[in-house]
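Asker: Would you mind keeping the following structure in view while I ask a few things?
Nothing in this text is a laboratory measurement; each read-out follows from the coordinates by a stated rule. Quick caveat, the model's predicted, so the values are computed rather than measured. Counting neighbours? That spans all protein chains shown, and the Cβs are built from the backbone with ideal geometry, glycine included.
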Amino acid sequence: MNFKSFLSLLYRIFGLKRNLKIGLYGETGVGKTTLANRISLDWTGEEIGKVTGIPHETRKVQKKEKIEIKVGKKKLILTILDMPGLSTKVDYRSFLKYGLSKKEARKRAREATDGVIEAIKWLSNVDAVLAVMDATRDPLTQVNITLLGNLEARKIPVIIVANKIDKKGAKPELIREAFPTYPVVEISALKGKNMDSLYEAIAKYVRGG
Amino acid sequence: MKLKFDFVSSAVLEEKPREKRINFILNKVKDGTILVTDGVMSPEEEMELIKETMRRVDDGFPGIEVASLKKPAKGLTKLAEKISESKDKIATFFASISGKKDVQTSLKTGLTLIGPAKYIKEIKKNPNSFSVLAEIKKKV
């Protein structure tokens, strides 16, 4: 923990912060940008980023500031930070099947590795995290475990978002079983399903406002 | 083609400061070795490992696969772990404000496997075990 994150921790403990930076973290392709777009669309009418289905589409942190959300009597002003997907590997060859040339794929891989580094660096600057997981995948991955361990060590509030519950084969209960000590909200960012529960959870678990 | 496993005692890793430890691990893994140790890194150190891995990714080294199992600590062991965790946090905090780059931190009891992603195709993790599927393609 550096001095900046120590200060941020003090702000959080005493609820002094009015504008909260919420980072959307998770593996690649779990729907972070779709969720960022959904939150932004719901409260500002504007999208944040592009969704293409090619892994590592978000390679730089995308930001939307001053999103005012109201839940009951509580009002929160949020900055939503859509982070590049976390990964322990980036192989340029994996992009070739999406029709990218070798040159484009190599460039994308370079940018993706920089994106992972940037996302990790941002961990010292967020006030709360939405840990996004794909409910159709096995949640017990080292990336998810490492992410949650880091947030716990830094005392950053976290809500697990079990996304893609509209998809066939979605098993959000596996996420609850894998991480029983965390609040889990089941949503479909794509369809806008259960978003109210997510906003309620943000108001409940994120200090400030 | 052959696959090399190095079983390294956590004592060897613990005597190295964090930056040197990560270098030691990644140098081995980048050479194609699968490293197994009887220690578990802290989540912060594991994030540092991922960050450093990303800096080293190139055409021949797409990254790493990691799996670890932490032994649940009880009683005095738990207390000892808490003390050592606090000691590491204090050391890291003072190192960060004094501008010191590398700090010596301890490992927790458990098991960690780190290997090159080009060989390890899948790690299936359960709360108390993991299985690793590795594949080496013959050069044609």
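Asker: With everything on Cα atoms, drop me the angle between helix B:18-30 and the longest principal axis of chain B, reported from 0 to 90° to the nearest 10.
Answerer: Helix B:18-30 sits roughly 10 degrees off the main axis of chain B.
Asker: For B:Arg56 and A:Lys73, what is the calculated FRET efficiency with R₀ set at 41 Å and r taken between the beta-carbons, to the nearest 0.05?
Answerer: Values: r = 51 Å, r/R0 = 1.24.
Approximately 0.20, to the nearest 0.05.
Asker: Pull out the extension gain between B:Asn128 and B:Leu3, defined as 0.36 nm times the separation in residues minus the alpha carbon to alpha carbon distance; nm, one decimal.
Answerer: Details: separation 125, 0.36 × 125 = 45.00 nm, distance 2.53 nm.
Result for the pair: 42.5 nm of gain on full extension.
Asker: Picking from B:Lys28, B:Lys118, B:Lys78, which is most flexible by a Gaussian network model of chain B using Cα springs under 10 Å?
Answerer: Top of the fluctuation ranking is B:Lys78.
Asker: Of A:Ser94, A:Ser124, A:Ser197, which has the largest mean-square fluctuation in a 10 Å C-alpha GNM of chain A?
Answerer: With Cα springs under 10 Å in chain A, the top fluctuation among A:Ser94, A:Ser124, A:Ser197 is at A:Ser94.
Asker: Determine the gain in length on full extension of the stretch B:Lys89-B:Thr77; use 0.36 nm per residue of separation and subtract their C-alpha separation, reporting nm with one decimal. Walk me through the numbers before you get to the answer.
Answerer: Working: separation 12, 0.36 × 12 = 4.32 nm, distance 1.81 nm.
Extending this stretch completely gives an extra 2.5 nm.
Asker: Mind checking which of B:Leu79, B:Pro116, B:Ser96 is farthest towards the positive end of segment B:4-134's charge dipole, using Cβ charges of +1 (Lys, Arg) and -1 (Asp, Glu) about the Cα centre?
Answerer: B:Leu79
Asker: With a cut-off of 15 Å, note down the residues of segment B:87-120 whose backbone N falls inside the zone around a label point 7 Å from the Cα of B:Asp38 toward its beta carbon.
Answerer: In segment B:87-120, the label zone of B:Asp38 (backbone N under 15 Å from the point 7 Å along Cα→Cβ) covers B:107-113.
Asker: If all Cα-Cα distances of segment A:3-205 are sorted into 5 Å bins from 0 onward, what percent lands in each bin, rounded to whole numbers?
Answerer: Histogram of Cα-Cα distances, whole percents per bin: 1, 8, 15, 20, 21, 17, 11, 5, 2, 1, 0.
Asker: How large is the convex hull of the Cα atoms of segment B:4-134 per residue, expressed in Å³ as a whole number?
Answerer: Values: hull volume 13.0 nm³, N = 131.
Hull volume normalised by residue count: 99 Å³.
Asker: Let me ask you something else. For segment A:75-193, calculate the relative contact order in percent as a whole number, restricting contacts to Cα pairs under 8 Å that are 6 or more residues apart. If you can, show how the numbers build up before the last one.
Answerer: Numbers: 129 pairs, mean separation 25.6, N = 119.
Contact order relative to length: 22 percent.
Asker: Can you tally the net charge around A:Leu96? Count Lys and Arg as +1, Asp and Glu as -1, for every other residue whose Cβ sits under 14 Å from the Cβ of A:Leu96. Intermediate results must be reported in sequence, preceding the final value.
Answerer: Values: positive: A:Arg93, A:Lys97, A:Lys102, A:Lys103, A:Arg106, A:Lys107, A:Arg108; negative: A:Asp91, A:Glu104, B:Asp59.
After counting each charged neighbour, the total is +4.
Asker: With viscosity set to 1.306 mPa s at 10 °C, what whole-number translational diffusion coefficient in µm²/s follows for the protein assembly as shown from Stokes-Einstein and a Kirkwood radius over Cα pairs? Can you show the working numbers first?
Answerer: Numbers: Rh = 21.2 Å.
Taking Rh from Cα pairs, D becomes 75 µm²/s.
Asker: Ignore the peptide's own chain and count Cβ atoms of other chains within 10 Å of each Cβ in A:144-151; give me the average, rounded.
Answerer: Details: counts 1, 7, 11, 4, 1, 7, 6, 1.
Averaged over the peptide's residues, the number is 5.
Asker: Give me the one-decimal nm value for the distance between modelled label points at A:Ser124 and B:Gln104, 7 Å along each residue's Cα-to-Cβ direction.
Answerer: In this crude spin-label approximation the distance works out to 2.4 nm.
Asker: So what is the relative contact order of chain B, in percent, for Cα pairs below 8 Å that sit 6 or more residues apart?
Answerer: On the way: 197 pairs, mean separation 48.0, N = 140.
Averaging sequence separation for qualifying contacts and normalising by length gives 34 percent for chain B.
Asker: At 222 nm, what helix-only mean residue ellipticity would the protein assembly as shown give, in deg cm²/dmol to the nearest 500, using -39500 (n - 2.57) for each DSSP H run of four or more?
Answerer: Numbers: 11 runs with 136 residues, N = 349.
For the protein assembly as shown, the value works out to -12000 deg cm²/dmol.
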